[in-house]
Amino acid sequence: MRCHCSHVVSSGSSKPPDSTAGGSSNATLGNALVILGATLYAASNVSVEYLAHRVETTELLAFIGCSGSLISITQLLLLEKEELQSLSFDGSTVLPMVVFSLALFAFYSLTPLMLRLGGAALFNLSLLTSDLWAVGVSAVVFNQPVEGIYFASLVVVSVGLVIFSLR
């Protein structure tokens, strides 16, 4: 439950976009989907932790890789066929895709190790800090203003990590 407090706090800060942003004005639905996605991702990590303690890492990574590839290819072909056909495959599009793929490969290759060492709860709590780092980087690099609610979110995540670590 502590894991989702920061999502609730930061989701509550959503403002309806201005008309020039081109976004949706249904912030409640967006916030609910964020919380649902976080819940499903946490459940997925608990399942991977369970498997990480019972099967070999190579077998687990092969299963995740094959399953993920099949799901991603199916989604790509069903939902983004026109975008894929209109994409020009030059250095400006291929290089970011390769770098992103390598980053995901490293992340998911190290995930079973992290889940074995610290467990799914610590892993999920640690991932919550990535949202806060993204806000910090956008404030420093892109000079975007940071709302105070994100600092409240940082406090909730930090308290959750400390409480979990003390147990």
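No lab work stands behind these numbers, since they all come straight from the coordinates. The model shown is predicted, which means the values in this text are computed figures rather than measured ones. Here Cβ is always computed from backbone atoms with ideal geometry, including for glycine, and neighbour counts include all displayed protein chains.
For the chain, just say rounded, prolate or oblate: build the C-alpha gyration tensor, square-root its eigenvalues into a ≥ b ≥ c, call rounded for a/c under 1.5, and beyond that prolate if a/b exceeds b/c, oblate if not. Walk me through the numbers before you get to the answer.
Working: a/c = 1.75, a/b = 1.02, b/c = 1.71.
Because a/c hits 1.5 or more and a/b fails to exceed b/c, the chain counts as oblate.
What shape does segment 55-139 have by the C-alpha gyration tensor, where a ≥ b ≥ c are the square roots of the eigenvalues, rounded means a/c under 1.5, and otherwise prolate means a/b greater than b/c and oblate the rest?
Working: a/c = 2.28, a/b = 1.33, b/c = 1.71.
Oblate, since a/c reaches 1.5 and b/c is not below a/b.
Using the Cα centre as the reference, give the magnitude of the dipole from point charges on the C-beta atoms of the chain (Lys, Arg: +1; Asp, Glu: -1; all else neutral), rounded to the nearest 20 debye. Walk me through the numbers on the way to the answer.
Details: 6 positive and 10 negative charges, 116 e Å.
Around 560 debye, computed over the chain.
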